[in-house]
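Here is the structure we will look at.
The values are calculated or read from the model by the stated rules, or taken from the named source; none is laboratory data. This one's a predicted model, so the numbers in the text were calculated from it and none came from an experiment. Here the Cβ positions follow ideal geometry from the backbone for every residue, glycine too, while neighbour counts run over all protein chains shown.
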Amino acid sequence: MAPTPENLVLIDREDGIATVTLNRPDALNALSSGLRAALVAAFAELRDDPQTQVVILTGAGRAFTAGLDLKELGGEVDPVEGGSARSGDTDLNRALGTFDRPIIGAINGFAITGGFELALMCDFLIASTEAKFADTHARVGVVPGWGLSQRLPRLIGINRAKELSLTGNFLGAELAYEWGLVNRVVRPEELLPTCRTLARDILSTEPVTRGEIKRIMDQGWYATLGEGLTIELDANRQHSASEVTPERVAARRRAIQARGRDQTQT
């Protein structure tokens, strides 16, 4: 049975730590408009909860998230199938970007395109050995709009970022660690325990001080990134208005699926 709009995102709270789980495992946690609205609502709820001091973000099943729901965008499924009847804000970049407490990304499996972008919105990433990253924007025919083109080069270097984004190839967990994308790689069964241990370490620090350190780190990093995000968003809007149609998205999704069987893994 598919998740209902009410349980597209699961929240588990314990001792100041909230574990937020994307819960569309049968669809590889594809980010339907309903799931995005549910995730934005979850972060709004946690922002208003003074007991929550650290968030761990992960996915159910074998994917963190495969990115935007291309079947929904291509008009191939009824949006209700993805829980998309839920109304509300779907701006993930703003929801996570304005969250003032640490977000640990627990990357349990595939983090593809929009899912890769969602991972990059976290403060740092811990990866399972099963994690795989890919940016297929160029294959889908959509210019990034959630910050990948600006965040990724700053994390791993522009040449490596170009390799990933211009080929659409997968990046495995171990090489992601070597390139500085993820902080640690652990066995799947150790992923959430490792993240919880790190969350408890964060909780052991002085709250006001750690909040200010996070704030000034983010502010300093965004001093130039902010301009890049504006450039990207303008390009995304112009490209989407002229190049992105349901028919093109559907055709490109089929091509991506066919290529996936012979996908090159970096």
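Evaluation of V182 against the conditions (1) touching a helix residue (DSSP H, G or I) at 6+ places or on another chain (Cβ under 6 Å); (2) surrounded by fewer than 17 Cβ atoms within 10 Å (Cβ to Cβ) shows that the sole unmet condition is (2). Might you check whether a residue that is free of Cβ contacts under 8 Å to residues at least 24 places away in the same chain and within 19 Å of F124 (Cβ to Cβ) occurs anywhere in segment 225-232? No: segment 225-232 contains no residue that is free of Cβ contacts under 8 Å to residues at least 24 places away in the same chain and within 19 Å of F124 (Cβ to Cβ).
Given the criteria over 19 Å from the mean Cα position of the chain (by Cα), among the basic types (K, R), within 30 Å of V55 (Cα to Cα) and outside any loop (DSSP other than H, G, I, E, B), does R259 qualify? Answer is no for this residue. If the condition is being in contact (Cβ under 8 Å) with a residue 12 or more places away in the chain and in a loop (DSSP other than H, G, I, E, B), then segment 42-64 contributes D49, Q51, T52, Q53, A60, G61, R62.
Scanning for something free of Cβ contacts under 8 Å to residues at least 60 places away in the same chain, surrounded by fewer than 15 Cβ atoms within 10 Å (Cβ to Cβ), within 22 Å of A131 (Cα to Cα) and more than 19 Å from the chain's Cα centre (by Cα), does segment 195-212 turn up at least one residue? Checked segment 195-212: at least one residue is free of Cβ contacts under 8 Å to residues at least 60 places away in the same chain, surrounded by fewer than 15 Cβ atoms within 10 Å (Cβ to Cβ), within 22 Å of A131 (Cα to Cα) and more than 19 Å from the chain's Cα centre (by Cα). So, T167, is that one surrounded by fewer than 20 Cβ atoms within 10 Å (Cβ to Cβ) and under 23 Å from E232 (Cα atoms) or not? Answer is yes for this residue. As a summary of the residue check, S149 satisfies the conditions (1) modelled with pLDDT of 90 or more; (2) crowded, with 16+ Cβ neighbours inside 10 Å; (3) more than 19 Å from the chain's Cα centre (by Cα); (4) farther than 19 Å from F64 by Cβ except for the one numbered (3). Listed conditions (1) modelled with pLDDT of 95 or more; (2) surrounded by 15 or more Cβ atoms within 10 Å (Cβ to Cβ) are all met by E14, apart from (2). If you take the residues in segment 136-182 that are of a type in the set (V, I, T) and in a helix (DSSP H, G or I), which one is nearest to I231 (Cα to Cα)? Checking each candidate, the answer is I158.
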